[in-house]
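Following: one structure in structure tokens, then a few remarks.
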Amino acid sequence: LTDDSLSCARRGRRRTLSELAAAALIRYPRYWDPASGLACPAETALARLGKLTGKASYADAAKGAMEAAVGLMKQAPTAMGQMLLAVDFQLGPTYELVFAGGTDEAALAQLRRRFLPNKVLAGASEAPSALLRDLLAGKSSAGAEPTLYVCEGFTCHAPAVGGEAIAKALDGLK
């Protein structure tokens, strides 16, 4: 997998490809949870990607990893806090929030200061990423007012337009 050009005295053991993959992808992750702002396990990142993109392959991979860890979660739940959060996220309800309205700082601040761990947030744009195209399709701001679309399973409620309506929509989330 790698070809070390320098020797390192502390690296005396040869690792298999499976061991290297587990270390790089599972044991020492550098995944970022945008809801909490903290590092998270791969399962959380995969579950969030599944919710954002609607792609079952991400959600299935997250579910498989969570199912593999059920024994550890039962045996030592306090040591598996991040994994339990990922399970909670996967079980839902989980909301897809789409913010349209440019850079309305007051409206964005409302979204940022709320603790809504079971949500994913995307910003509407004129040229969305291919991965987010399905979620962002048909979503735009209503004139100069900031607009928030609250969706679940890619089915959206009527858009909340303006700061007060956005606050009310966020208040209604579990």
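The values are calculated or read from the model by the stated rules, or taken from the named source; none is laboratory data. From a predicted model like this one, the values you see are computed outputs, not experimental measurements. Don't worry about glycine lacking a Cβ; one is built from the backbone with ideal geometry, like all the others, and counts go over all protein chains shown. For the accessible areas, the whole protein counts, side chains as well, though only heavy atoms, and no ligand, DNA or RNA atoms are used. Shrake-Rupley method; radii C 1.70, N 1.55, O 1.52, S 1.80 Å.
Output the residue which, of all residues in the range 40-69 that are farther than 30 Å from A137 by Cα and open to solvent by 60 Å² or more (accessible area, probe 1.4 Å), is nearest to the chain's Cα centre (by Cα). Among those residues, the one meeting the criterion is E67. Looking at the range 88-97, which of its residues are within 14 Å of D33 (Cβ to Cβ) and open to solvent by less than 40 Å² (accessible area, probe 1.4 Å)? F89, T94 - these are the residues of the range 88-97 that are within 14 Å of D33 (Cβ to Cβ) and open to solvent by less than 40 Å² (accessible area, probe 1.4 Å). For the residues A86, A45, the requirement of being within 20 Å of L121 (Cβ to Cβ), in contact (Cβ under 8 Å) with a residue 40 or more places away in the chain and in contact with a Pro (Cβ under 9 Å, 6 or more places away or on another chain) singles out A86. Restricting attention to the range 123-139, does a residue exist that is assigned to a loop (DSSP other than H, G, I, E, B), more than 25 Å from T44 (Cα to Cα) and among the acidic types (D, E)? Scanning the range 123-139, I find at least one residue that is assigned to a loop (DSSP other than H, G, I, E, B), more than 25 Å from T44 (Cα to Cα) and among the acidic types (D, E), so the answer is yes. Scanning the range 122-146 for residues that are open to solvent by 40 Å² or more (accessible area, probe 1.4 Å), over 17 Å from the mean Cα position of the chain (by Cα) and within 19 Å of E105 (Cα to Cα) gives S125, S140, S141, A142, G143, A144, E145. For the range 23-36, does any single residue satisfy the condition of being assigned to a helix (DSSP H, G or I), open to solvent by 30 Å² or more (accessible area, probe 1.4 Å), closer than 30 Å to L136 by Cα and modelled with pLDDT under 85? For the range 23-36, residues assigned to a helix (DSSP H, G or I), open to solvent by 30 Å² or more (accessible area, probe 1.4 Å), closer than 30 Å to L136 by Cα and modelled with pLDDT under 85: present.
Yes/no per residue for (1) open to solvent by less than 30 Å² (accessible area, probe 1.4 Å); (2) of a type outside the set (D, E); (3) under 25 Å from K55 (Cα atoms); (4) part of a loop (DSSP other than H, G, I, E, B):
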residue	(1), (2), (3), (4)
G71	no, yes, no, no
K74	no, yes, no, no
M83	yes, yes, yes, no
F99	yes, yes, yes, no
A107	yes, yes, no, no
V120	yes, yes, yes, no
L148	yes, yes, yes, no
A158	no, yes, yes, yes
